[in-house]
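The values are calculated or read from the model by the stated rules, or taken from the named source; none is laboratory data. None of the values given here were measured: they were computed from a predicted structure. With ideal geometry, Cβ positions are generated from the backbone for all residues, glycine too; neighbour counts draw on all protein chains shown.
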Amino acid sequence: MVVEPEGKSMVTFYTTGDGNCGYRSLSTLLTGVEDYHWHIRLKIYEYISYNGENIYGIRSAELAREYYVKYQHLLNVPPQPVNQDLYAGNDDFYALADMLECNIYTYTPDPLPSYPNVNSHFKDNIKINGAPTLFLMYLNNNHYEPIISFQ
């Protein structure tokens with residue numbers, strides 16, 4: 001898919017829409033394939049479980065406990081389609097930005113009235129100059145695809 005905001009074309013890569021699309025997109029950006037989406041999900045959940053109180057955008061012991069419960073449950077579950085309560089979202093992106101010390105942007109071509117067109121996720125809410133940066137497209141208010149190039 002090609003989207004052209006402000007004169008720039010963003011090229012995305014098709015991602016399977018089974019509730020794991022956010023993690024599949026991260027897997028594609030980090031490894032070149034979707035295959036590691038479940039491992040990435042588990043690592044993010046584990047990271048939030050133990051560090052949630054200190055991650056910008058989360059800073060919640062209660063949320064950290066919720067992720068710990070999800071993490072413990074999913075450790076014993078094979079990769080499979082999931083429902084909306086396990087979709088990737090801002091918490092996951094803030095955690096990954098914190099864990100990898102990278103910058104993450106999500107672009108929404110048709111945002112809801114109260115949602116920004118571009119949403120940034122930085123460690124401690126500070127863009128790290130020169131750090132790896134991941135770009136995701138958020139489509140139809142329920143699907144992510146990795147942005148693989150800008151033209």
Subject >> the stretch 6-53, residues that are of a type in the set (Val, Ile, Thr), crowded, with 21+ Cβ neighbours inside 10 Å and assigned to a helix (DSSP H, G or I) >> reply: 28, 40, 44, 48
**OP:** For the stretch 85-93, indicate whether the set of residues that are outside any loop (DSSP other than H, G, I, E, B) and hydroxyl-bearing (Ser, Thr, Tyr) is non-empty.
**Re:** no
**OP:** Kindly indicate the residue of the stretch 66-84 that is assigned to a helix (DSSP H, G or I) and free of Cβ contacts under 8 Å to residues at least 12 places away in the same chain and also surrounded by the most Cβ atoms within 10 Å (Cβ to Cβ) among those meeting that condition.
**Re:** 66
**OP:** Test each condition in (1) surrounded by 12 or more Cβ atoms within 10 Å (Cβ to Cβ); (2) modelled with pLDDT under 95 for residue 92 and report the one that comes out false.
**Re:** (2)
Subject >> Test: residue in the stretch 89-112 that is without any contact (Cβ under 8 Å) to a residue 40 or more places away in the chain and more than 25 Å from residue 149 (Cα to Cα) >> reply: no
Original post:
Which ones in the stretch 95-151 are part of a loop (DSSP other than H, G, I, E, B), among the aromatic types (Phe, Trp, Tyr) and within 20 Å of residue 47 (Cβ to Cβ)?
Top reply: 122
